[in-house]
Amino acid sequence: MQQAARASDYTAFMLAANVIGRDDDVDQLNYQIYRELLSYMSENPTAIARATGVLFVSKYLERSADHATNIAEMVIFLVHGKNIKHMDKSKQRRTLINL
């Protein structure tokens, strides 16, 4: 039973660490979409309404990724009792490696 519980904890930790690690990728993609659509709208003013809709979708997806990261940080706390929520990214990474 203990091994099964530890396996479950390890799996939860690995999944949570993966989510946390990918948050920056989602942020970068959102910013890339923003830059590209801004350029596109300046070249094609007739597409501003559609492009604005895509910008909103991109922002909402990025916000969903932020919520997933918050949940993953809570999982880390539940499994290891370590609060990584307000650490900067480099300190978060070091802490996750050492857990």
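Just so it is clear, none of the values below were taken in a lab; they were calculated from the coordinates. None of the values given here were measured: they were computed from a predicted structure. Please note: Cβ atoms are built from the backbone with ideal geometry, for glycine as well, and neighbour counts cover all protein chains shown.
Here are a few things to note about the model shown:
- Mean-position separation - Cα centroids, the range 40-54 and the range 59-99, in angstrom: 35
- GNM flexibility winner over the chain from D88, D25, D66 (Cα, springs under 10 Å): D88
- For A68, net neighbour charge (Lys/Arg +1, Asp/Glu -1) across residues whose Cβ lies under 14 Å away: -4
- Above 14 Å, the calculated P(r) of the range 1-76 contains 67 percent of its Cα-Cα pairs.
- For the chain, a crude dipole built from +1 on the beta carbon of Lys and Arg and -1 on the beta carbon of Asp and Glu, taken about the Cα centre, is about 300 debye to the nearest 20.
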